[in-house]
Amino acid sequence: MSQPKTYIVGNWKMNQSIAETESFFKNLSPEIKHYSGETWIAPQFIHIPLALELAKSTDGKVKIGGQNCAATDFGAFTGEVAAQSLKEIGAHFVILGHSERRAIFGENDQTINHKMKKSLEKNLFAILCVGESLAEREGNKTFDVVKKQVIEGLSGLAASDYKNIAIAYEPVWAIGTGKVATPEQAQEVHAFIRKTLTETSCPAAQELSILYGGSVKPDNVEGLLKCPDINGALVGGASLKADSFYGLCR
Ligand code: PGA
């Protein structure tokens, strides 16, 4: 049985101008060439071709992906982006079910499950995001919420799909707030996710990488990554500048 891989994934959200994207890669490239781990960046859709071009200067160290995709094949869906188009353009992965997609754009577990299936069908690696709100944590509902999101998000996938899946646990109260979960709080939920995968006979319960996200910074990432079930980080704010992103990787 192989160990879960470690990933550092930058979620740029709706940030970074063309000039900022160019300067990010210019500053990152000399450093990141010496790093051996998996480093991924998800820019805005429209900047994916630019990021792919600029990422060549990292000697293939940085892979580029999307922050969302449509749940369906090509069709009359104004404003949507198809998983097939992401794949064709050269994207490696897609982030699905981010809490901002759930809260602002009304995505539910069923929609997210359809997006998972569509992405995997088109050979994209899919990162399924899960996590409880502050009210849910304070109401002792964290485990119930996370369990439902994991089970419904992964529902009906084939055993062969699991080599292309990671889960990101992102407590909503920690995203963009500066309030990072303590390593103990995060590890508790990560271990619970792994237990849920085992109990539901997930074929990759032990190998699947579970990333933590929510106010990860270069000065707190090490404590989090030392935990046995934390296999990487999904990072917003601290992934926008090359020195801080490289600080996370190092
Ligand atoms: P943050 O965002 O690192 O800025 O908290 C994390 C995320 O939303 O993935």
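No value in this document is a laboratory result; all are computed from the given coordinates. Being a predicted model, the structure only gives us computed values, none of them experimental. For neighbour counting, all protein chains shown are included, and Cβ atoms are generated from backbone atoms with ideal geometry for every residue, glycine included.
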Can you list residues whose amide H is under 5 Å from GLY213's amide H, if they're 5+ apart or on another chain and H is modeled 1.01 Å from N? TYR169, GLU170, LEU234
Overall form of the range 90-231 per C-alpha gyration tensor (a/c, 1.5; a/b vs b/c): rounded
If you find the alpha carbon centre of the range 190-209 and of the range 140-185, how far apart are they in angstrom? 11
Measure off 7 Å from each Cα along the Cα-to-Cβ vector at SER244 and LYS148, then give the distance between these two points in nanometres to one decimal. 3.3
Consider a paramagnetic label point 7 Å from the Cα of SER160 along Cα→Cβ; state which residues of the range 94-132 have an amide N under 17 Å from it. 117-126
Can you tell me the relative contact order of the chain? Whole percent, Cα pairs under 8 Å, sequence separation 6 or more. 22
Going residue by residue through the range 39-54, the Karplus relation 6.51 cos²θ - 1.76 cosθ + 1.60 with θ = phi - 60° gives ³J(HN,Hα) values, rounded to whole Hz and with x marking Gly or Pro, of 10, 10, 10, 10, x, 4, 3, 5, 9, 4, x, 4, 5, 4, 5, 5
Mind listing the long-range amide H neighbours of LYS5? Cut-off is under 5 Å, sequence gap 5 or more, other chains count too, H placed in the peptide plane at 1.01 Å from N. SER209
Just want to confirm a number: the relative contact order over the range 194-250, from Cα pairs under 8 angstrom separated by 6+ residues, in percent. 33
Please list the non-local residues whose amide H lies under 5 Å from the amide H of PHE125, H modeled 1.01 Å from N, same-chain partners needing a gap of 5 or more. PHE93, VAL94
Mind checking the alpha-carbon convex hull of the chain and giving the volume per residue in Å³? 119
Using +1 on the beta carbon of Lys and Arg, -1 on that of Asp and Glu, and nothing else charged, what's the dipole of the chain about the Cα centre, debye to 20? 260
What distance in nm separates the simple spin-label points at ASN123 and GLN44, each placed 7 Å from Cα in the Cβ direction? 3.0
